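**Q** Please read through the structure below; I'll follow up with questions.
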Amino acid sequence: MTPPSQAQWFGHPKGLFVLFMTELWERFSYYGMRAILVLYLTASVTGANPGLGWTNVEALTFYGWYGFSVYMASLPGGYLADRFLGQKKTVLIGALLLALGHLTLAFQNMQAFYGGIFLIVLGVGLLKPNISTMVGGLYAQHDIRRDKGFTIFYIGINLGAAFAPILVGWVAYQYGWHYGFALAGIGMLLSLILYAQGQKHLVGVGDFLGKSTQAEDRAKLRQPLTQVEKDRIWVLLLSFLIVVTFWGAYEQAGGLMNLYAEQKTNRHLLGMEIPASWFQSLTGFFVISLGTLIANFWTRRALKGKESSSLAKMAIGTMIMGSGFFFMTAAALQYEQMGQAAMYWLILAYLFHVIGELSSSPVALSFITKLAPAQYASIIMGAYWAATGLGEKLAGMIGAYSEHWGELQTFTGIAIFCILFGGLILLLLKPLKRLTHGADDDTLIES
Ligand code: GLN
């Protein structure tokens with residue numbers, strides 16, 4: 001394959017910043033639209049800003065299936081990239097479909113609504129796994145900057161995710177839902193343009209192996225997997241159990257914790273009431289402010305030769321995120337005694353969630369790009385995103401069951417499960433690491 005573009009910026013390949021901007025605006029459209037979706041579905045048909053008049057249960061069910069479908073579509077999205085198109089082209093087609101889909105939602109009829117949602121599902125499926133794989137393609141095999149590169153990319157995701165609910169939500173509230181959808185569409189158009197413009201920095205990244213000028217690249221598509229490669233795929237599939245657990249707990253944010261903010265939390269501050277939806281931006285802002293700090297912490301540990309394998313980080317991340325739920329236990333106790341919970345519990349819970357997320361989620365993306373054999377790189381990334389989709393569905397189910405179990409028990413149960421599960425992975429670390437056959441070991445690359 002042509003070697004990846006070498007031009008650097010802030011010590012990282014310039015292509016990283018193209019992917020950063022593309023994903024920032026893609027996530028702006030995704031989270032902007034997601035923030036108003038349920039509100040639009042449940043708004044009354046006869047109000048000043050009319051919606052579809054669905055019940056809460058109908059809307060939440062649709063929302064759950066939506067989250068599940070967009071990430072499940074990453075499986076065919078990854079397959080298409082590996083077998084036929086390469087990641088770079090697949091991302092471009094995904095971006096086109098996403099722009100079309102979001103702009104279609106700006107029209108006010110039911111065909112446009114379902115058509116737009118369908119295009120968004122296809123678009124995310126084509127774009128999301130493949131753009132993540134491309135970030136890995138910017139770095140050589142054992143480059144220690146890879147995890148940091150993914151953290152920078154992750155900050156881009158969250159810049160989009162933090163501002164979108166505020167801006168799109170505001171436009172939808174002021175001018176009408178369909179203007180909100182249109183703003184999300186404009187964000188996606190920007191993403192498409194930035195990606196198309198940045199192609200010169202992505203030479204040699206995300207190309208289809210079958211079209212490579214190197215015979216050994218083309219041969220990879222036909223070669224059977226070696227035992228080492230099979231072992232690595234096994235350890236990846238096992239690590240996806242951590243992924244399902246992590247997101248199954250973390251994604252209470254948009255559901256149960258969101259309702260907790262709305263219904264059981266005292267949101268008065270300095271004489272005003274903070275809208276519950278604003279708490280949805282907190283995790284994004286925490287990621288932006290803590291991203292490099294946490295990445296540097298782990299790099300420093302690695303340089304000192306201390307345990308900092310990807311699996312250890314993912315397990316510890318799950319434990320830290322899980323322990324954040326103890327703050328929700330405290331909130332539930334306070335609510336039971338006083339009839340209202342203080343908001344700092346929610347803020348502390350989200351803070352721990354993000355510290356855990358930053359130790360786990362960008363690391364998982366990076367880990368996949370290190371371990372997956374080149375000819376299956378995208379489909380395995382697709383499977384990762386499908387696992388996060390399962391996590392989202394699980395989160396919805398746990399949230400719904402909390403009606404029976406009680407919130408106090410649910411929050412405490414999630415915390416204990418995550419800590420025990422993470423602990424179990426740490427105990428199994430040695431045999432799991434053996435299965436990676438050294439692919440997770442980093443070396444310092446001069447830049
Ligand atoms: N917030 C991250 C993103 O949007 C991860 C979401 C998830 O895995 N469910 O990429």
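**Q** Place a +1 charge on the Cβ of each Lys and Arg in the chain and a -1 charge on the Cβ of each Asp and Glu, then give the dipole magnitude about the Cα centre in debye, rounded to the nearest 20.
**A** Computed about the Cα centre, the dipole is about 1060 debye.
**Q** Run down the aspartates and glutamates and flag those whose C-alpha is under 20 Å from the C-alpha of K89, throwing out any fewer than 8 positions away in its chain.
**A** Straight-line reach from K89, under 20 Å: E23, E26, D207, D217.
**Q** Moving to a separate point now. Roughly what angle does helix 377-405 make with the longest principal axis of the chain, taking Cα atoms, 0 to 90 degrees, to the nearest 10?
**A** Between helix and principal axis, roughly 20 degrees.
**Q** Using only DSSP helix segments of four residues or longer, with each worth -39500 (n - 2.57), what per-residue ellipticity at 222 nm results for the chain after dividing by its residue count and rounding to 500?
**A** For the chain, the value works out to -25000 deg cm²/dmol.
**Q** Toward the positive end of the charge dipole of region 290-447, about the Cα centre and with charges on Cβ (Lys, Arg +1; Asp, Glu -1), which of P362, I419, L311 goes farthest?
**A** L311
**Q** If I fit a long axis through the Cα atoms of helix 14-42 and take the longest principal axis of the Cα atoms of the chain, what angle between them do I get, 0 to 90°, rounded to 10?
**A** With rounding to tens, the tilt is 30 degrees.
**Q** What percentage of all Cα-Cα pairs in region 254-301 are separated by more than 14 Å?
**A** So the pairs more than 14 Å apart make up 62 percent of the total in region 254-301.
**Q** While we're here: So if I take the centroid of the Cα atoms in region 344-422 and the same for region 188-221, what is the distance between those two points in Å?
**A** Each part's Cα centre sits 30 Å from the other's.
**Q** Given the Cα atoms of the chain, and with Rh set as the inverse mean 1/r over their pairs in the Kirkwood sense, what is Rg to Rh to two decimals?
**A** The Rg/Rh ratio comes out at 0.97.
**Q** Straight-line reach only, C-alpha to C-alpha below 14 angstrom: list the aspartates and glutamates that K304 could link to, leaving out same-chain residues fewer than 8 apart.
**A** D441, D442
**Q** Here is a further query. Of K306/K430; K148/K220; K313/K393, which sit over 18 Å apart, Cα to Cα?
**A** K148/K220; K313/K393
**Q** For region 37-78 and region 88-145, compute the distance between their C-alpha centroids and round to whole Å.
**A** Region 37-78 and region 88-145 have Cα centres separated by 18 Å.
**Q** Using r as the Cβ-Cβ distance of K211 and A7, and R0 as 25 Å, what FRET efficiency do you calculate, to the nearest 0.05?
**A** 0.60
**Q** Now a separate question. Remind me, what semi-axes does region 170-263 give for its equivalent ellipsoid, largest first in whole Å, using sqrt of 5 times each Cα gyration tensor eigenvalue?
**A** Over the Cα atoms of region 170-263, the semi-axes work out to 40, 28, 8 Å.
**Q** Additional query: Reported to two decimal places, what Rg/Rh ratio describes region 280-378 when computed on Cα atoms with Rh from the Kirkwood expression?
**A** Values: Rg = 16.7 Å, Rh = 15.0 Å.
For region 280-378, the value is 1.11.
**Q** Another question, then. Could you run the Karplus curve 6.51 cos²θ - 1.76 cosθ + 1.60 with θ = phi - 60° over region 148-155 and give me ³J(HN,Hα) per residue in whole Hz, x for Gly and Pro?
**A** With coefficients 6.51, -1.76 and 1.60, one gets 5, x, 5, 5, 4, 4, 5, 5 Hz.
**Q** Same structure again: To the nearest 10 degrees, how steeply does helix 325-338 sit against the main Cα axis of the chain, on a 0 to 90 scale?
**A** So the inclination is approximately 0 degrees.
Every number here is computed from the coordinates shown, using simple stated rules; none is lab data. Keep in mind that what you see is a predicted model, and the values were worked out from it rather than measured. Note that each Cβ is placed from the backbone with ideal geometry, even for glycine, and that neighbours are counted across all protein chains shown.
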